[in-house]
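Here is the structure we will look at.
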Amino acid sequence: MTEMFQSQLETVLTRCIPGCQALLSAERLSGGASQETYRLKIRVRDEGERLLALRRAPGGGGESSGHESGQRSYYPGLAVEALLMQSAQAVGVPEPDVHYVLSDDDGLGEGFIMAWLEGECLGARIVRAPELADIRPKLAYECGQILARIHAIDLAATGLDKRLHRLTPEQYVHDTWERYKGFNTPQPMIDYTARWLLAHLPGEDGMALVHNDFRNGNLMISPTGVVAVLDWEVAHIGDPMRDLGWICTNSWRFGRSDLPVGGFGDYADLFDGYRAVSGRTVDPARVKFWEVFGSFWWAIGCLGMAEHYRTGPDNTVERPAIGRRSSECQVDCVNHLIPGAITLVPGAAPAMADEMPRIDELLTSVRDFLHREVMAESSGRTNFLARVAGNSLDIVLRDNSLGPAHRRLEQQRLAALLATEGSLEDLRWRLVKGLRAGEISLDYPGLSEHLRQTVVNQIAIDQPKYAGFKTAAQ
């Protein structure tokens with residue numbers, strides 16, 4: 001945090017928070033791949049210290065720095081995000097009080113200041129923390145109730161109908177697919193999934209406010225239940241079942257694949273909670289469509305993080321690391337659409353084994369330094385990024401061992417599938433273009449087998465601890 005940033009922020013706080021005398025500290029929190037979040041400590045007259053939260057666009061940028069989820073052009077902006085939270089709070093959705101929305105004159109960029117609430121936000125802890133054991137079985141039902149309240153928000157009365165984009169299911173698939181095409185990277189499983197989604201579109205009835213990122217990790221949880229619904233940055237008007245499918249997407253179960261709702265509950269409880277408030281019976285098939293879409297959407301969102309690393313403004317080590325998580329989502333699409341037997345590529349011995357030190361030893365030493373010394377001597381975001389950097393080196397180590405054989409077999413399968421020779425990159429593009437043009441059908445002989453083998457062996461490199469890999473490898 002620069003001195004200018006701190007000075008400007010203190011000026012805002014002393015003006016907009018009654019009794020605020022000084023800004024004591026502003027700590028940027030870990031995570032926040034799309035937006036910055038700060039914990040603020042202020043001194044208040046006759047009260048002492050108080051905590052607040054600042055949510056800000058990366059680097060203070062405006063709408064152009066919005067979410068890389070596949071629909072950047074639909075990002076409503078943090079001022080609308082604040083309005084969404086206030087509108088949700090008014091109908092009984094747990095939200096922090098929004099104290100102030102930043103203006104251009106403040107010099108801090110786009111963002112807002114809100115109350116600080118205590119609770120657990122880390123999805124991995126929510127599914128495992130002993131202190132949440134009693135509330136976990138009740139969370140799926142409560143999430144269903146909360147979603148029903150969100151979907152019932154009066155768009156006209158709140159003015160959100162004029163400030164949010166409308167997305168039909170077909171438009172959403174096409175727009176997300178086009179976002180991926182702009183990355184100019186051939187990922188055949190993404191194109192296969194897009195074709196499947198377009199062949200199984202739900203109807204356009206019942207359009208409503210969609211939070212669009214309602215999941216474990218964007219919910220603040222305490223032993224009494226949901227404390228707050230966070231991160232409204234990609235809300236839109238569309239099919240409300242998108243929200244129910246998203247919280248069930250495997251990426252947000254944090255290893256608990258046996259509990260499809262956020263890693264803490266069952267479909268039935270989620271659906272029952274939704275019906276209790278809305279009076280509407282949930283169609284499981286419609287939710288399943290959006291669950292598949294969720295993996296498709298986040299596969300492209302992860303690639304968007306890698307693209308954002310190249311273009312800025314937040315080109316930290318976290319961005320390309322998230323980019324590699326695209327294969328996690330793609331293996332979930334495999335498990336949904338084309339499950340079956342797979343053969344894993346065996347690891348190879350280190351190249352140039354007589355070298356001292358070997359390349360893998362150099363990488364391992366740096367990884368261990370990050371995971372041990374750096375993490376032991378750091379805290380907050382630096383500690384988090386040290387872990388991310390160490391994990392990225394693990395990917396490089398696995399790629400050195402598994403990657404050459406994996407890519408050689410992929411090229412051989414593609415040559416046989418397409419009955420042509422060429423480089424791996426050329427063959428990947430031939431398959432992708434064939435899928436996009438409809439020249440290669442979803443039931444094309446050998447296609448499912450090739451995609452399954454390719455995606456599962458890629459996730460063995462990128463993240464072999466991911467639950468979707470274990471499901472595919474069973």
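The values are calculated or read from the model by the stated rules, or taken from the named source; none is laboratory data. The model shown is predicted, which means the values in this text are computed figures rather than measured ones. Neighbour counts run over all protein chains shown; Cβ positions are idealised from the backbone, glycine included.
For region 328-346, does any single residue satisfy the condition of being of a type in the set (A, V, I, L, M, F, W, C), free of Cβ contacts under 8 Å to residues at least 60 places away in the same chain and surrounded by 12 or more Cβ atoms within 10 Å (Cβ to Cβ)? Scanning region 328-346, I find no residue that is of a type in the set (A, V, I, L, M, F, W, C), free of Cβ contacts under 8 Å to residues at least 60 places away in the same chain and surrounded by 12 or more Cβ atoms within 10 Å (Cβ to Cβ), so the answer is no.
Residues in region 81-109 that are in contact (Cβ under 8 Å) with a residue 60 or more places away in the chain, crowded, with 17+ Cβ neighbours inside 10 Å and under 23 Å from C143 (Cα atoms): E81, L83, L84, M85, S87, A88, V93, P94, E95, P96.
If the condition is being under 17 Å from G107 (Cα atoms) and touching a residue at least 40 places away in the same chain (Cβ under 8 Å), then region 12-27 contributes V12, L13, C16.
Within region 349-366, one or more residues are assigned to a loop (DSSP other than H, G, I, E, B), surrounded by 14 or more Cβ atoms within 10 Å (Cβ to Cβ) and in contact with a Lys or Arg (Cβ under 6 Å, 6 or more places away or on another chain). Every residue in region 209-229 that is more than 19 Å from W298 (Cβ to Cβ) and either among the hydroxyl-bearing types (S, T, Y) or within 22 Å of the chain's Cα centre (by Cα) (or both), please. Those that are more than 19 Å from W298 (Cβ to Cβ) and either among the hydroxyl-bearing types (S, T, Y) or within 22 Å of the chain's Cα centre (by Cα) (or both): L209, M220, I221, S222, T224, V226, V227, A228.
Please indicate, with yes or no, whether at least one residue in region 412-427 is under 25 Å from S257 (Cβ atoms), small (G, A, S) and out of contact with any Leu (no Cβ under 6 Å at 6 or more places or on another chain). Steps first, please.
The initial filter retains those residues of region 412-427 that are under 25 Å from S257 (Cβ atoms), namely none.
So far as region 412-427 goes, no, none of its residues is under 25 Å from S257 (Cβ atoms), small (G, A, S) and out of contact with any Leu (no Cβ under 6 Å at 6 or more places or on another chain).
When D283, D272, D314 are checked against the criterion of being closer than 23 Å to E170 by Cα and not assigned by TED's automatic domain parsing to the domain that holds N400, D283 stands alone in meeting it.
Restrict the check to region 137-150 and report whether at least one residue is without any contact (Cβ under 8 Å) to a residue 60 or more places away in the chain and assigned to a helix (DSSP H, G or I).
First, the residues of region 137-150 that are without any contact (Cβ under 8 Å) to a residue 60 or more places away in the chain: none.
No, region 137-150 contains no residue that is without any contact (Cβ under 8 Å) to a residue 60 or more places away in the chain and assigned to a helix (DSSP H, G or I).
Specify which of the listed residues (F271, F289) is closer than 27 Å to V455 by Cα, surrounded by 19 or more Cβ atoms within 10 Å (Cβ to Cβ) and at pLDDT 95 or above. Can you show your working first?
Values: F271 fails: closer than 27 Å to V455 by Cα.
From the options F271, F289, the qualifying one is F289.
Exactly one residue out of L397, L417, L409, L424 is touching a residue at least 40 places away in the same chain (Cβ under 8 Å), of a type in the set (A, V, I, L, M, F, W, C) and touching a helix residue (DSSP H, G or I) at 6+ places or on another chain (Cβ under 8 Å): that is L409.
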